[in-house]
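Structure record follows, encoded as structure tokens.
Only the coordinates and a few stated rules stand behind these numbers; no lab work does. Nothing here was measured: the structure is a model prediction, and the numbers come from that model. Ideal geometry is used to build each Cβ from the backbone, glycine not excepted, and the neighbour counts take in all protein chains shown.
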Ligand SMILES: [Fe+2]
Ligand SMILES: [Fe+2]
């Protein structure tokens, strides 16, 4: 199964070798984090391999099979569509209905409140895989090996800072997720 999925993703991203490198980086990082945190490495591997499957599809293709409420909810954050489209593609191409895998793919962009462990692993691995070229990569990975919730919060803050720096308004889900993990890390939410 994993090898079949890998082949399909490699073919899909043939014209985007850097993206495929990134996917392999997320794959390896996610498996390591799954092993450290006693999560299902098989689920982490599948979600990692498929998370950016629809990245270069047109917006029309990305939204084609999405529910209207999803399309509307993310109208101001169309970057979310590639994530939902990838989850749909995995479900239909490989008959995978495991919600931990599908949600990890769906919510890998902003994260969300109250994520499961596989979701957190994919969200964080997307930031700290080795081919990412910003200075915080090693710091985030080390943090993730020790405390996944702190790593999640750190990555959410990076994205929020970036949005604010670009003078854009963050999506409401992004803000809600960040506030949630602020509370988790301050001990208000267990
Ligand atoms: Fe993505
Ligand atoms: Fe990614």
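Go ahead and run the numbers for FRET between residue 145 and residue 114, Cβ-Cβ distance against an R0 of 22 Å, rounding to 0.05. That pair, residue 145 with residue 114, gives E of 0.50. Seen from all directions on average, the chain presents a Cα convex hull projection of 10.5 nm².
Please report, to one decimal in angstroms, the Kirkwood hydrodynamic radius of the range 80-158 built from all distinct Cα-Cα pairs.
When all Cα pairs of the range 80-158 are included, the Kirkwood radius is 13.0 Å.
Using only helices, what value at 222 nm comes out for the chain when you add -39,500 (n - 2.57) per DSSP H run of length 4 or more and divide by the total residues, to the nearest 500 deg cm²/dmol?
It comes out at -20500 deg cm²/dmol, rounded to the nearest 500.
Across 77, 48, 86, mean-square fluctuation computed from a Gaussian network of the chain (C-alpha pairs under 10 Å connected) peaks at 77. The relative contact order of the range 2-185, computed from alpha carbon pairs under 8 Å that lie at least 6 residues apart in sequence, is 20 percent. Largest GNM mean-square fluctuation among 30, 44, 54, using the chain with Cα springs under 10 Å: 54. Looking only at the range 1-32, which residues have a backbone nitrogen under 16 Å from a spot 7 Å from the Cα of residue 65 in the C-beta direction? So the set is 5, 8-9, 12. Mean-square fluctuations from a GNM of the chain, with a 10 angstrom spring cutoff on Cα atoms, peak among 55, 43, 168 at 168. Stretching residue 93 away from residue 188 to a fully extended chain increases their span by 30.1 nm, per 0.36 nm per residue minus the current alpha-carbon distance.
Taking a ≥ b ≥ c as the square roots of the eigenvalues of the Cα gyration tensor of the range 32-142, is the shape rounded (a/c under 1.5), prolate (a/b larger than b/c) or oblate? Note, shape of the range 32-142 comes out prolate.
Just so you know, the Cα atoms of the range 133-173 work out to an Rg and Dmax of 11.7, 33 Å.
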